[in-house]
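A short write-up of the structure that comes next.
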Amino acid sequence: MSRSTEEDLGRRRFQIQKEKAVEDAYEKIRRSFGQEWQSFSAEDCVVIRQVLGEIWISVDRDCWKNYCFSTLSHADLLSLIAIAKEGLCQKCMTKEALARLDEILG
């Protein structure tokens, strides 16, 4: 197998792992909110997925495993969305923004 093919497979594997981790976390959050989940807009849901992906990329896997997504409060989730929107406007998440997100999730 050529080096570029191996690199492509590695990138794809990474992307699949990220997507699965984000989907699992997103579903835990969604289920924990029950009917209250309807109060979040479609845009908020997209932002939540995006920020979860940014966090997954940025943190150690053990750290990710220790996050308890199902216990986030409404205020916590609104904070995550606000920080994410701020970071997305800047085109990347700053270390400060990631630290704030870690504080909410940790």
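A compact table of results
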{"item": "When residues of the range 64-80 are limited to those that are free of Cβ contacts under 8 Å to residues at least 40 places away in the same chain and open to solvent by less than 70 Å² (accessible area, probe 1.4 Å), the one nearest to Gly34 (Cα to Cα)", "result": "Ser73"}
{"item": "Ala25 at pLDDT below 95 and within 26 Å of Thr94 (Cβ to Cβ)", "result": "no"}
{"item": "Leading residue by the ranking (modelled with the lowest pLDDT) among those in the range 54-86 that are farther than 24 Å from Ile16 by Cβ and not hydrophobic (A, V, I, L, M, F, W, C)", "result": "Glu86"}
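The values are calculated or read from the model by the stated rules, or taken from the named source; none is laboratory data. Fair warning: this is a prediction, and the values are worked out from it, not measured in the lab. Cβ: placed from backbone, ideal geometry, glycine included. Neighbour counts: every protein chain shown. Each accessible area value is taken on the protein alone, full model and side chains, heavy atoms only, with ligands, DNA and RNA left out. Shrake-Rupley method; radii C 1.70, N 1.55, O 1.52, S 1.80 Å.
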